[in-house]
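Enquirer: Take a look at this one; I'll ask things after.
The values are calculated or read from the model by the stated rules, or taken from the named source; none is laboratory data. This structure is a prediction, so every number in the text was calculated from the model and none was measured. Cβ placement follows ideal geometry from the backbone for every residue including glycine, while neighbour counts extend to all protein chains displayed. Ligands, DNA and RNA are stripped out before the accessible areas are found, and what is left, the full protein with its side chains, is counted by its heavy atoms. Shrake-Rupley method; radii C 1.70, N 1.55, O 1.52, S 1.80 Å.
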Amino acid sequence: MLRFQTQLFWLTVLLLFLLISLSLATGAGVYGGREVAGFLLGDPAFVADEKLAMIVNTLRLPRTLAALVVGVCLALAASMLQSATRNPLAEPGLLGVNAGAVFALVIGLTYFGVESAYGYLLWSGMGALMGNIIVLGLGLMVGRSNPLKLILVGVALSATFGGLSNFLLLSNKVVLEQFRFWNLGSLAASSLDSVLTVLPFALAALLLTLALCRQLTLMQMGDNQAQALGIRPTRVRIGVLLAATLFTACAIAIAGPIGFVGFLAAYCARLVEPVRLSIQVRFSALFGVLFLLAADVLARWLLQPFELPNGVILALIGAPVLILVVRSGGFRSLLAVK
């Protein structure tokens, strides 16, 4: 098993580098991989091309870096929520956390004129915190006994937050135009400034996640057994709340509410390692980046010179997978861990 995990890890790392190269080489226009590689390697013939410099520095490179950060954030947020609620279907998009973050951000845009990356991060963070508190509370009550109930609660939360967001947006056409494409979930408007703004918060959430892995793994045996081993479940869940909130806020501040990335990444990671969370999060982060990069490349390639929102591509893939998992009973994999 360990040998298989090691081989799979290096295979996913190789695929990651290939997708990063493809992401940098893909886009509308005449510039492909050769030109971009020459520019990044400092070839004078390509560095002198101002249009190529603009495309790489302001479009493709920031977009690729944004995919790396957002993919990791969404994947790890899902892994943490699944472990804390003991619900293998938990994911920010499915549970209404994304919708809560969007609702708070709409309030900031409508009434407080939020424009900066820090503003997006702050308001989406407040909404994600509200959504995560609701999810973790309900998860302890219904999540393990019936995972599908928590998803139904998430659908209700998404509908509620979505309706309130639409009500506010319809009263302000300027904010509606600013918000409309972003709400579908896209990396198209990503900038290097926004990535650098959220990066310290994403790293803080990552460090907190790594610190909580051992405790969360032991908590899968039950709170009583965990307490006997010196674990404080309430403190651990507060840590999960903070980490998941930071991850969700960082992702939404950059790319909007992209769904299904976390579910797909965390589910695949749990197939690789069903018990140890420290290994799960490594594969979850890798799978999250792979899925998002692949979706972003497809979004740019399918309808050139136009492009689809990343959220649409991932929904077309993630929704059928979710249905298959539920029909096959694959969601019971985490429930089997006592």
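Enquirer: Within 10 Å, count the other beta carbons around each residue, average over each peptide in 247-259, 11-23, and list them highest first.
Expert: 247-259, 11-23
Enquirer: With all protein chains present, how much of the accessible area of the chain (probe radius 1.4 Å) comes from carbon and sulfur, to the nearest whole percent?
Expert: With neighbouring chains kept in place, the figure for the chain is 70 percent.
Enquirer: For Kirkwood radius over Cα pairs in Å, the choices are [x] 21.3; [y] 20.3; [z] 19.3; which was calculated from the structure?
Expert: So the calculated entry is the one marked [y].
Enquirer: What does the helix-only formula give at 222 nm for the chain: each DSSP H stretch with n ≥ 4 adding -39500 (n - 2.57), the total divided by the residues, and the result rounded to the nearest 500 deg cm²/dmol?
Expert: -24500 deg cm²/dmol
Enquirer: Sticking with this one: Top mean-square fluctuation among ALA66, ALA101, ALA48, Gaussian network model of the chain, C-alpha springs under 10 Å?
Expert: So, out of ALA66, ALA101, ALA48, the one fluctuating most is ALA48.
Enquirer: When ranked by the protection proxy of mean other Cβ atoms within 10 Å per residue, highest first, what sequence do the peptides 102-109, 224-231 form?
Expert: Packing order, densest peptide first, comes out as 102-109, 224-231.
Enquirer: As an exercise, identify the chymotrypsin sites (Phe, Trp or Tyr not before Pro) in the range 159-201 lying in DSSP coil whose Cβ has no more than 16 other Cβ atoms within 10 Å.
Expert: PHE181
Enquirer: A further question on this structure: Are there chymotrypsin sites (Phe, Trp or Tyr not before Pro) in the range 267-325 that DSSP marks as loop and that have at most 11 other Cβ atoms within 10 Å, and which are they?
Expert: Loop-located and lightly packed - PHE306.
Enquirer: In whole percent, what relative contact order does the chain give with Cα contacts below 8 Å and a gap of six or more residues?
Expert: About 29 percent, as a whole number.
Enquirer: Can you grab the distance from the C-alpha centre of the range 164-241 to the C-alpha centre of the range 250-271, Å, no decimals?
Expert: Taking the Cα centre of the range 250-271 as reference, the centre of the range 164-241 is 10 Å away.
Enquirer: Let me ask something else. Compute the accessible area per residue over the chain, keeping the other protein chains in place, probe 1.4 Å, unit Å².
Expert: About 45 Å² of surface per residue is accessible.
Enquirer: Looking at the chain, do any whole DSSP H helices span at least 18 angstrom along their long axis by alpha carbon and average 0.0 or above on Kyte-Doolittle, and which?
Expert: 2-25, 61-85, 97-111, 117-138, 147-169, 192-219, 233-255, 277-301, 310-328
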